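Written below as structure tokens is the structure these notes are about.
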Amino acid sequence: MEKFVSIENVGMTFDTKKGKFVALRDVNLGIRQGEFVSLIGHSGCGKSTLLNLIAGLTLPTTGAMICAGREIPGPGPERAVVFQNHSLLPWLTCFENVYLAVERVFSETETRVQLKARTQSVLELVGLAHAMHKYPGEISGGMKQRVGIARALAMEPKVLLMDEPFGALDALTRARLQDELMAICEKTQATTVMVTHDVDEAVLLSDRIVMMTNGPAATIGEVLEVKLPRPRDRLSLTQNADYMAYRSAVIEFLYTKQSHPLAA
Ligand SMILES: Nc1ncnc2c1ncn2[C@@H]1O[C@H](COP(=O)(O)OP(=O)(O)OP(=O)(O)O)[C@@H](O)[C@H]1O
Ligand SMILES: [Mg+2]
């Protein structure tokens, strides 16, 4: 397997007022180019910590984080992050929020007309053509989340990182955005790592589901390869025996093998 992102013997220890806290230990994972990987595990097990390490927002205490053959030196536009709370600037329109990121990445090589065209096309990709000149305060939570995804995609990242991107949304909006995300990933072939609590979301979207043990000193417990053919259709999958088996395997891990977050 050719690894595009490689996490090698990674450990993360935080210095806290009460002393050292070992959040992650011995984490090893390789991610192929174009692969969609979900991180799932109980609250506090270290999913965001691991995602932040791939983003370069924090550096590991031990081990190595490699992306495209180089050690990850810090945050960068080639590894864009979508946060749960969409973090848009309220005084800028949706278009301007995305344009800001586009300008940061491409202003040295492209004209203003090209930057604007790039911004517009990515907002169209996430279905926001009609609302691009509205302010964040004028649009719904689902639309804000789409702006956050558009902003990340606009940077043409090598790796798209998402920390519970749909966690704050109602079930119907969440389902729609999951379908859109699958279509976008199919089109852009982005390598994607998504943190989620949602078993169905993980099975529907992923090529592999990485299941983490409980902390402290959390690590990868099991990795499940999801071999459902793409494109995937949520309605027909509800009748699919393989889908049910994948779903059961994740539930079994979370609620039987790792049922007590403080017992690890
Ligand atoms: N900067 C920090 N300093 C000290 N401890 C931290 C820091 N960041 C995270 N931790 C601890 O590391 C552990 C993992 O936290 P993390 O946020 O990665 O969990 P998570 O799996 O994303 O949880 P959730 O599902 O609730 O978002 C927790 O015990 C948390 O308290
Ligand atoms: Mg988290």
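The values are calculated or read from the model by the stated rules, or taken from the named source; none is laboratory data. Remember, it's a predicted structure, so these values are computed and weren't measured experimentally. We place every Cβ from the backbone using ideal geometry, glycine too, and count neighbours over all the protein chains shown. Ligands, DNA and RNA are excluded from the accessible area calculation, which covers all protein heavy atoms including side chains. Shrake-Rupley method; radii C 1.70, N 1.55, O 1.52, S 1.80 Å.
Does LEU57 satisfy being open to solvent by less than 80 Å² (accessible area, probe 1.4 Å) and aliphatic (A, V, I, L, M)?
Details: open to solvent by less than 80 Å² (accessible area, probe 1.4 Å): no; aliphatic (A, V, I, L, M): yes.
Spelling it out, it is not the case that LEU57 is open to solvent by less than 80 Å² (accessible area, probe 1.4 Å) and aliphatic (A, V, I, L, M).
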### Query
Being open to solvent by 40 Å² or more (accessible area, probe 1.4 Å), more than 10 Å from ligand 1 (Cβ to nearest atom), under 30 Å from VAL250 (Cα atoms) and not in a strand (DSSP E or B), is that true of even one residue in segment 3-20?
yes
### Task
Hey, can you tell me all the residues within segment 45-71 that are in contact with a Pro (Cβ under 6 Å, 6 or more places away or on another chain) and without any contact (Cβ under 8 Å) to a residue 40 or more places away in the chain?
GLY56, LEU57
### Task
Inspect all residues belonging to segment 28-36 and state whether any of them is among the small types (Gly, Ala, Ser), modelled with pLDDT of 95 or more, in a strand (DSSP E or B) and open to solvent by less than 30 Å² (accessible area, probe 1.4 Å).
yes
### Query
Is there a residue being within 16 Å of ligand 1 (Cβ to nearest atom), under 30 Å from VAL199 (Cα atoms), part of a helix (DSSP H, G or I) and of a type in the set (A, V, I, L, M) anywhere in segment 73-90?
no
### Query
When both residues are 6+ apart or on different chains and their Cβ atoms are under 6 Å apart, which pairs have a first residue that lies in segment 155-167 and is under 21 Å from ALA117 (Cβ atoms), and a second that is open to solvent by 20 Å² or more (accessible area, probe 1.4 Å) and modelled with pLDDT of 90 or more?
MET155/PRO77; MET155/VAL105; PRO157/GLU78
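Mind telling me which of the residues ARG79, ARG118, ARG146, ARG151 ends up being among the basic types (Lys, Arg), touching a helix residue (DSSP H, G or I) at 6+ places or on another chain (Cβ under 8 Å), farther than 24 Å from GLY41 by Cα and open to solvent by less than 30 Å² (accessible area, probe 1.4 Å)? Working first, answer last.
Values: ARG79 fails: farther than 24 Å from GLY41 by Cα; ARG118 fails: open to solvent by less than 30 Å² (accessible area, probe 1.4 Å); ARG151 fails: open to solvent by less than 30 Å² (accessible area, probe 1.4 Å).
Checking each option against the conditions leaves just ARG146.
Of all residues in segment 58-87, count the ones that are within 16 Å of ligand 2 (Cβ to nearest atom) and either over 28 Å from GLY137 (Cα atoms) or in contact with a His (Cβ under 6 Å, 6 or more places away or on another chain) (or both).
Start the filter on segment 58-87 by keeping residues that are within 16 Å of ligand 2 (Cβ to nearest atom), which leaves 58, 81-87.
Retained after the next criterion (residues that are either over 28 Å from GLY137 (Cα atoms) or in contact with a His (Cβ under 6 Å, 6 or more places away or on another chain) (or both)): 58.
Total meeting the criteria: 1.
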